[in-house]
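Scroll down for the structure; my scribbles are underneath it.
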Amino acid sequence: MPPSRSIAVASRLQPSYQAIAISRNPAVLQELTRQGFSAIRLVFTNKENMAQCKWEVEKLTGGHVDTLTNKA
């Protein structure tokens, strides 16, 4: 899904959900952050980064996630 489509999907969820974008692409994350979304970088081949991402999601959500969507 191109970044613009990802942003469109997140925008539709934003009014009623806390949407957190997780991507390895800094440009996509920067654009989402610019538009007011929470955005976290995740590199699956980096264990330290994975732990940091988990911590950031827990911090933003209080440890509770209702829905997870993957567009891999």
Original post:
Can you tell me which residue in segment 25-50 is surrounded by the most Cβ atoms within 10 Å (Cβ to Cβ), limited to those that are assigned to a loop (DSSP other than H, G, I, E, B) and not aliphatic (A, V, I, L, M)?
Top reply: Phe37
Original post:
Pairs, please: C-beta under 7 Å, at least 6 apart or cross-chain, first residue closer than 22 Å to Arg12 by Cβ and in segment 34-47, second among the basic types (Lys, Arg) and surrounded by fewer than 17 Cβ atoms within 10 Å (Cβ to Cβ)?
Top reply: none
**OP:** Take segment 38-64 and flag every residue that is under 10 Å from Ile20 (Cα atoms) and either touching a Leu at 6+ places or on another chain (Cβ under 9 Å) or among the small types (Gly, Ala, Ser) (or both).
**Re:** Ser38, Ala39, Ile40
Subject >> When residues of segment 10-52 are limited to those that are under 17 Å from Asp66 (Cα atoms) and either more than 12 Å from the chain's Cα centre (by Cα) or polar (S, T, N, Q) (or both), the one modelled with the lowest pLDDT >> reply: Gln14
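The values are calculated or read from the model by the stated rules, or taken from the named source; none is laboratory data. In this text the structure is predicted, and so the values were computed from the model without any measurement. A quick note on method: Cβ atoms are made from the backbone with ideal geometry, for glycine too, and the neighbour counts reach across all protein chains shown.
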